[in-house]
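Written out below as structure tokens is the structure these notes cover.
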Amino acid sequence: MTTLSGMPNRPRAREFPHDAFVDVLDANTRYSSTFRHSELSGTAREGLAIVTCIDSRIEPLSITGMHPGDVKIIRNAGARVTDDVLRTLLLAVHLLGVRRVLVMPHTDCRMASGTEPEIHEAIYAASGVDTRSIEIRTIRDQEAALLTDVLRIRSFPLLPNELVVAGALY
């Protein structure tokens, strides 16, 4: 792992906060000593991209029976198909071998546990930060949101019509 330091346009990144990342750096040293995937390319060997939530309980490779190098995994809070997900899929489809997309949100998702104002209030109560200028994209009806997101990918004009898109609630 290469750490960011000394980048002139990022004054806060000049010094890597080693003390806060000792566990990560130690784990990376152990990992790199036995790294065995250097033969993999950047393409999705199985032609699959998975859009899922940032929830660390979700293990997309295990869930789908895939392995490192098989899949492109795109994560965000709530597994929503945002403009950035579409941008990422555009690159994955045209340059990285993706032919199928699985949109896979999950039950017990924090984004489906409250309204937009409630989530903003919870953030403010926890940290004192007013986040109302940002769209959190809460989800009241997960099935309806999943259908909307699948349709958003299917109808995106810069993706090929033959792209296979499915949705599943994990």
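The values are calculated or read from the model by the stated rules, or taken from the named source; none is laboratory data. Just so it is clear, the structure is predicted and the values come from calculations on it, not from any experiment. All Cβ positions, glycine included, derive from the backbone under ideal geometry; neighbour counts span all protein chains shown. These accessible areas exclude ligands, DNA and RNA; they are computed on the full protein's heavy atoms, side chains included. Shrake-Rupley method; radii C 1.70, N 1.55, O 1.52, S 1.80 Å.
Couple of notes before you dig in:
- Residue check for Val81: in contact (Cβ under 8 Å) with a residue 60 or more places away in the chain and either surrounded by 11 or more Cβ atoms within 10 Å (Cβ to Cβ) or not hydroxyl-bearing (Ser, Thr, Tyr) (or both): yes
- Restricting Gly6, Gly114 to those that are in a loop (DSSP other than H, G, I, E, B), closer than 18 Å to Gln142 by Cβ and at pLDDT below 95 reduces the list to Gly114.
- Filtered residues of the stretch 135-157 (kept if part of a loop (DSSP other than H, G, I, E, B), of a type outside the set (Asp, Glu) and open to solvent by 100 Å² or more (accessible area, probe 1.4 Å)): Arg140, Pro157
- The lone criterion from (1) in contact (Cβ under 8 Å) with a residue 60 or more places away in the chain; (2) surrounded by 12 or more Cβ atoms within 10 Å (Cβ to Cβ) left unmet by Pro160 is number (2).
- Scanning the stretch 23-45 for residues that are open to solvent by 70 Å² or more (accessible area, probe 1.4 Å) and without any contact (Cβ under 8 Å) to a residue 24 or more places away in the chain turns up Asp23, Asp26, Thr29, Arg30, Tyr31, Ser33, Thr34, Phe35, Arg36, Ser38, Glu39.
- Checking the stretch 114-123 against the condition returns no match, with no residue being touching a Phe, Trp or Tyr at 6+ places or on another chain (Cβ under 9 Å) and not aliphatic (A, V, I, L, M).
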